[in-house]
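First up is the structure itself, then whatever we jot down about it.
The values are calculated or read from the model by the stated rules, or taken from the named source; none is laboratory data. Note that the structure is predicted; figures quoted are calculated from it, not measured. Methodologically, a virtual Cβ is constructed for each residue, glycine included, from the backbone with ideal geometry; neighbour enumeration extends over all protein chains shown.
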C-alpha cells in the first residue's frame, strides 16, 4: 500500500538558486511523486555534495562494497553514457527477481539520469560544479511492480519528476526550519495515522 500524503506545502518557490561559487559540502533531500496507479510512486532520498568531501568518500565506498539484493549502480542515459553529477543508485527494496532488476536498471535508471540533467539545466545544480559533485540516491520502486502490467512511460515520468523535485528541495534546503516549526502540528505521518485508525 502506498502512502497517500498531503500535497507538498508551498516552500519558498522564489528562493534564489545555488550561488555558483558556493562550495556544496553535504545537502539532503526527500520527495514524493505519485502517479495514477499504486506502483507509480517514487520517494527518493538523496545526499549531494562535493566529491572531495564526505559525500565523495561515501559514494566510493558504496560502489566498491556491493551487497546482494542492493546492488549499487551509476545513473546512466544508456550503457557507456554516465550522467554528471555522478549519481549512484541504491535500492530501498531487496531485489529478488530479474523482472524487478530489469525495471529498476532500465526505466527507473534512465528516468533518474534524465532528472539529474534536468536539475542541472534548471539551475538547481550549478553547471560549473557538475564534475565536482556526487549524488547518493536511495530509490524506491514498489515491489508489486513485478505483478502488474507496467506502463513504462508513466513510470519514467514519475521517477524523472521525483528526481528533479528531490534535488531542488535538497539544494534549496526545503522544507525550511521555519516552515517545519510552523506546520509541525498540522502534519501527520500517513502510516502513523493508519495505526491510530486500526488499519495496520
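Report yes if residue 115 is touching a residue at least 12 places away in the same chain (Cβ under 8 Å), surrounded by fewer than 18 Cβ atoms within 10 Å (Cβ to Cβ) and over 17 Å from residue 72 (Cβ atoms), otherwise no. Criteria not met by residue 115. Figure legend. Inter-residue proximity from region 18-32: first residues more than 17 Å from residue 53 (Cβ to Cβ), second residues modelled with pLDDT under 95, beta-carbon distance below 7 Å, spacing 6+ or different chains. Indicated pairs: 32/5.
Residues checked against (1) at pLDDT 95 or above; (2) more than 20 Å from residue 167 (Cα to Cα); (3) assigned to a strand (DSSP E or B); (4) over 18 Å from the mean Cα position of the chain (by Cα):
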residue: 29; (1), (2), (3), (4): yes, no, yes, no
residue: 36; (1), (2), (3), (4): no, yes, no, yes
residue: 39; (1), (2), (3), (4): no, yes, no, no
residue: 48; (1), (2), (3), (4): yes, no, yes, no
residue: 52; (1), (2), (3), (4): yes, no, no, yes
residue: 55; (1), (2), (3), (4): yes, no, no, no
residue: 63; (1), (2), (3), (4): no, yes, no, no
residue: 66; (1), (2), (3), (4): no, yes, no, yes
residue: 69; (1), (2), (3), (4): no, yes, no, yes
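The set of residues in region 177-190 being closer than 22 Å to residue 46 by Cα and either at pLDDT 95 or above or not in a loop (DSSP other than H, G, I, E, B) (or both) consists of 177, 178, 179, 180, 190.
Just checking, how many residues over region 114-167 are in a helix (DSSP H, G or I) and modelled with pLDDT under 95?
Going residue by residue through region 114-167, those that are in a helix (DSSP H, G or I) are 114-122, 127-129, 143-147, 152-167.
From what's left, modelled with pLDDT under 95: 143-147.
Total satisfying the criteria: 5.
Among what's in region 91-113 and is closer than 21 Å to residue 29 by Cα and assigned to a loop (DSSP other than H, G, I, E, B), pick the residue that is nearest to the chain's Cα centre (by Cα). I'd like the intermediate steps shown before the answer.
So in region 91-113, the residues closer than 21 Å to residue 29 by Cα come out as 91-93, 104, 108-113.
Checking the rest, the ones that are also assigned to a loop (DSSP other than H, G, I, E, B) come to 92-93.
Details: 92: 11, 93: 14 Å.
The residue in question is 92.
Just to be sure, is residue 4 modelled with pLDDT of 50 or more and assigned to a loop (DSSP other than H, G, I, E, B)? Step through it out loud before you land on a result.
Working: modelled with pLDDT of 50 or more: no; assigned to a loop (DSSP other than H, G, I, E, B): yes.
So residue 4 does not fit the description; no.
Taken residue by residue, region 71-78 has at least one member that is out of contact with any helix residue (DSSP H, G or I) (no Cβ under 7 Å at 6 or more places or on another chain) and at pLDDT below 95. Scanning region 118-137 for residues that are in contact (Cβ under 8 Å) with a residue 40 or more places away in the chain and either surrounded by fewer than 17 Cβ atoms within 10 Å (Cβ to Cβ) or over 28 Å from residue 38 (Cβ atoms) (or both) yields 122, 123, 124, 125, 126, 128, 129, 130, 131, 132, 133, 134.
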